[in-house]
1. Any chance you could list P(r) for the chain, counting all Cα-Cα pairs in 5 angstrom bins from zero, rounded to whole %?
2. Treat every Asp and Glu Cβ in the range 25-66 as -1 and every Lys and Arg Cβ as +1, leave all other atoms uncharged, and give the resulting dipole magnitude about the Cα centre to the nearest 20 debye.
3. Suppose each label sits 7 Å from its Cα in the direction of the beta carbon; what would the I70-M1 distance come out to in nanometres?
4. Give me Y80, Y3 sorted ascending by neighbouring Cβ count inside 10 Å, so fewest comes first.
5. Would you kindly derive the ³J(HN,Hα) couplings of the range 69-77 from the backbone phi angles with the Karplus curve 6.51 cos²θ - 1.76 cosθ + 1.60 (θ = phi - 60°), listing them in order in whole Hz, with x for Gly and Pro?
6. If each residue's Cβ is checked for other Cβ atoms within 10 Å, how do F58, F9, F81 rank with the fewest at the top?
7. Quote the relative contact order of the range 10-107 in percent (integer), defining contacts as alpha-carbon pairs under 8 Å separated by 6+ residues.
8. What order do you get for W95, W26 when you list them from fewest to most C-beta neighbours inside 10 Å?
Amino acid sequence: MAYFGDGQFTVRIDKLRSGEIRYLCWHKSNSILAKPNLILRHGKVNETPNGEVTEFIFHHNESTFIVEHIVSKMEGGANYFFIEVTDNQQKKSTWKMNQMPIPKYFQ
């Protein structure tokens, strides 16, 4: 469904055979073949009617993780990914991520 990262993290969002949406995150210092540093399960998907923005929503402990995927309106344009984490005190942290090519062993 999505594979992206920045200088610190690599993130993969996938859909399991059961239909469950899952979030996997690795620190950049770790191989993506290793166990992820964070696994979030039972995600929800919200998509705008025009399909330009998709949100993946996950809950972990008392925090909410929202991954926003914005599709470029231009053919061949870049896709954008933002992760917003809101803690139990409503403090928000946001990261901009870059789309990455999906490794062959994930396809």
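Throughout, read-outs are computed from the coordinates displayed, never taken from laboratory work. Nothing here was measured: the structure is a model prediction, and the numbers come from that model. For neighbour counting, all protein chains shown are included, and Cβ atoms are generated from backbone atoms with ideal geometry for every residue, glycine included.
1. Result, from short to long distances: 2, 11, 21, 25, 22, 12, 5, 1, 0 percent.
2. Once rounded to the nearest 20, the dipole reads 300 debye.
3. The answer from the label model is 2.1 nm.
4. Y80, Y3
5. The phi angles translate into 10, 10, 8, 5, 6, 8, 4, x, x Hz.
6. Going from sparsest to densest Cβ surroundings: F9, F58, F81.
7. 14
8. Exposure proxy ranking, most exposed first: W95, W26.
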